[in-house]
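Heads up, the thing below is written out as structure tokens.
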Amino acid sequence: MKKSLRFLIAVLVIASMILPRAVNLTKFTAADEPFWLVVGANYYYALTHGELENTVYEYHPAVTTMWLGTAAMLAYFPEYRGLMDGYFQQEKTSFDAYLVEHGKDPLALLWWARFFQLLLNVFLFIAAFFFLRSLLDESTALVVLLLASFAPYLFGQSRMLNHESMVGLFSLLTILAMTAHLFLNPKPALAILSAGCAALANLTKSSSIVLFAVVAVMVAFFAWTHWRERRNISSAVALFIKTYGLWVAAFFVVYFIAWPGMWVAPGKMLYEVYGNAFSYAFQGARLSVTQELQPSTFSLSSAGLSVFDFLTSIAWRTTPVTWLGLLFAVVFLFSKRYGQFPVLAKYLVSFLLIEAFACIGMFALVQGRDQPHYVLAAYYGFEFSAALGWAYALRWLSQRFLWLGRNVFAQTVVFAALLGMQAAGLFYTAPYFYTYLNPILLMVGDAPVFFYGEKMEEAAAYLAQKPDAEDATALVYFGRSFSYYFPGETLLFKPILFDDKPQLIENLQRSDYLVVYSGLQERLPLLQELKPEHILYLNGRQYVEIYRVADIPESYFNE
């Protein structure tokens, strides 16, 4: 292929990955994003005032996310470091009001944070392409890159300010770089790069600790192949210790360097992260609630979803193209009939699936951590494995049918059709994309319910058009970002209000409207007595309900 054509294709691929993700970047706001803007602002303040011991956020530890928040602050509101005196509480909405008071738009700050997140994610996708090209070949790498990156659920998550996309991509690169080091080119730099990606994954979310086990399995398999060739057990053990030891050492060096808090208070940082992680996992709440770790009380009796439940959730949010690609990958992995599936591809599929199930296993053990995006790293393992399955299925077809193998245009058309089927969900799930649900499962079962802030911007727009909108107050469930789109006052409907009627009444008496997601009648029986003023729909389902507080019977407040 000519250099000019290769360059043109590269430009088109990169543009196709950036531009669709950047369109209408702040048309909606996910539930957690306002929270991470506050955390990012606090991180920026701590860095610029030399208070590095304050660069920690509990169990995540969200360091990479906070770096993105800092970048957004530098781009949009750099003078904040001199104007602000102290830190905002993450759960308060006063940060939004503070921005407005200083002539800043919270949505503009979110745009910058999302834009930097988007660019980082695309960069990591491209890095994965180069690893795949070196491990396999260029055409396979391109097929895998496009099929995986345009999977609707991954696409939607990759354009938001969150941890999970970075965890998934850093975990993916950990495996790709380590595979290259073990089975292609034994340069220490590749092992160090793999460890660095794993460190960044752990600096994003502490659940990435499973990468220690995944890489240990990879290195153990490599040492076993060494033993099988030489029948020298001491040499194989030494190789394992040397290789894994290098990886672990590099991990801790990068972990230390990339987190300023580790420079001044490593004990505090690690206790906040892993103390809270263990407290959440086995005691059901963070340390601020449980006060301390009590191993004697650790329990898995109230653990989260089962592995099967997580796999079912993943099946709902992956496409039929991905399902079929995974089937191809498994067939190629275990079949000896299809010799075109190279050994390195088999290794990659195996390691990616191990990583996916390790991630699922982690969250199947812990209490209450059952939201679909928490296991996004597993999605990356499945999507890239499926894409590898398709890449070699297409190659097998081109060898089986000469008219296809000899006609580059026909191959391009076939792949374009496949990519179109993979990305079809993007056309009817915008601007959220992560709300995609598999059409086959929709025909045979009830759609799973999961609310993450979608449609709240439309509810806010509906109330904003009212004549008295600026003087109105809305009590909103999942309402952190509601104030971004609503000119009046926003009160957050906290989960405690479902059970604490006096607090609920107090909040209702301060409000003009109650905005909630559909299906909460059992948790909030009051809704059974009311008729919504307005209902919003998503994918044909009743989704958001807006009630007038004035319609609530007076007797409810006097009970």
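Bear in mind that the values in this text are calculations on the coordinates, not laboratory data. All of these numbers come straight from a predicted model, not from anything done at the bench. Glycine also receives a Cβ, built like all others from the backbone with ideal geometry; neighbour counts cover every protein chain displayed.
Worth a mention:
- Inter-probe distance in nm under a simple model that places probes 7 Å from Cα toward Cβ, at Leu538 and Val248: 4.4
- Counting only lysines at least 8 places from Lys346 when in the same chain, those with an alpha carbon closer than 17 Å to its own are Lys336.
- In sequence order, the range 429-439 has phi-based couplings of 10, 5, x, 8, 6, 6, 7, 4, 10, 4, x Hz under the Karplus curve 6.51 cos²θ - 1.76 cosθ + 1.60, θ = phi - 60°, and Gly or Pro positions carry x.
- Amide H contacts under 5 Å for Leu475, placed H, 5+ residues apart: Leu491, Asp512, Tyr513, Leu514, Val515
- Under Karplus coefficients 6.51, -1.76 and 1.60, residue-wise ³J(HN,Hα) of the range 395-404 in Hz, glycine/proline x: 5, 4, 4, 5, 7, 6, 10, 4, 4, 7
- Pairs from Lys27/Lys455; Lys205/Lys242; Lys187/Lys242 whose Cα-Cα separation, in the structure shown, is over 19 Å: Lys205/Lys242
- Full-extension gain in nm, Gln465 to Leu270, via 0.36 nm per residue minus C-alpha separation: 65.4 nm
- Rounded tilt (10° steps) of 63-76 against the dominant C-alpha axis of the chain: 60
- Whole-Å distance, taken between Cα centres, linking the range 209-255 and the range 396-419: 40
- The range 111-245: Cα Rg divided by the 2.2 N^0.38 Å rule of thumb: 1.16
- Protection proxy ranking of 36-49, 76-89 - average other beta-carbon atoms within 10 Å, highest first: 36-49, 76-89
- Förster-model FRET efficiency, 45 Å R0, Thr473 and Phe401, C-beta, rounded to 0.05: 0.10
- Only the Cβ atoms of Lys and Arg (+1) and of Asp and Glu (-1) were treated as charged; on that basis the dipole of the range 402-513 about its Cα centre amounts to roughly 660 debye.
- Förster radius 35 Å - calculated FRET efficiency between Ala216 and Asn24 (Cβ-Cβ, nearest 0.05): 0.20
- Cβ charges +1 (Lys, Arg) and -1 (Asp, Glu), total dipole of the chain, debye: 3480
- Seen against the Cα atoms of the chain and their longest principal axis, helix 307-316 is set at about 80 degrees.
- Prolate/oblate/rounded label for the range 13-172 (Cα gyration tensor, a/c 1.5): prolate
- Rounded to 5, the percent of DSSP beta bridges in the chain classed as antiparallel: 60
- Global geometry of the chain, whether rounded, prolate or oblate, following the gyration tensor of its Cα atoms and the 1.5 cut on a/c: prolate
- Here the spin labels are modelled as points 7 Å beyond Cα on the Cα-Cβ line, and at Gln528 and Gln340 they lie 6.2 nm apart.
- Placed amide H near Thr318: partners under 5 Å, 5+ positions off or other chain: Asn438
- A straight Cα-to-Cα reach below 17 Å connects Lys494 with the lysines Lys92, residues fewer than 8 places away in its own chain not being considered.
- Rounded to the nearest 10 degrees, the inclination of helix 3-22 to the longest alpha-carbon principal axis of the chain is 20 degrees.
- Phi angles of the range 535-552 translate, via the Karplus equation with coefficients 6.51, -1.76, 1.60 and θ = phi - 60°, into HN-Hα couplings of 10, 10, 10, 9, 6, x, 10, 5, 10, 10, 10, 10, 10, 8, 4, 4, 7, 6 Hz per residue; Gly and Pro are given as x.
- Straight-line reach from Lys501: taking Cα to Cα under 17 Å and skipping same-chain neighbours fewer than 8 places apart, the aspartates and glutamates in range are Glu522, Glu529, Glu554, Glu559.
- At an R0 of 41 angstrom, the distance between the Cβ atoms of Glu506 and Glu53 translates into a FRET efficiency of 0.65.
- For the range 156-182 and the range 1-41, distance of Cα centres in Å: 16
- Overall form of the range 324-478 per C-alpha gyration tensor (a/c, 1.5; a/b vs b/c): oblate
- Spatial offset of the range 489-533 relative to the range 450-476 amounts to 14 Å, using the alpha carbon center of each.
- Where labels lie 7 Å past Cα in the beta-carbon direction, separation of Ser306 and Leu74 in nm: 4.9
- Between Lys187 and Ala447, the contour length at 0.36 nm per residue exceeds the alpha carbon distance by 88.8 nm.
- Residues whose placed amide H lies under 5 Å from that of Leu538, excluding near-sequence neighbours: Tyr543
- Over 19 Å [Cα-Cα, the range 467-546], rounded percent: 35
- Summing charges over all other residues whose Cβ lies under 13 Å from the Cβ of Leu239, with Lys and Arg as +1 and Asp and Glu as -1, gives +2.
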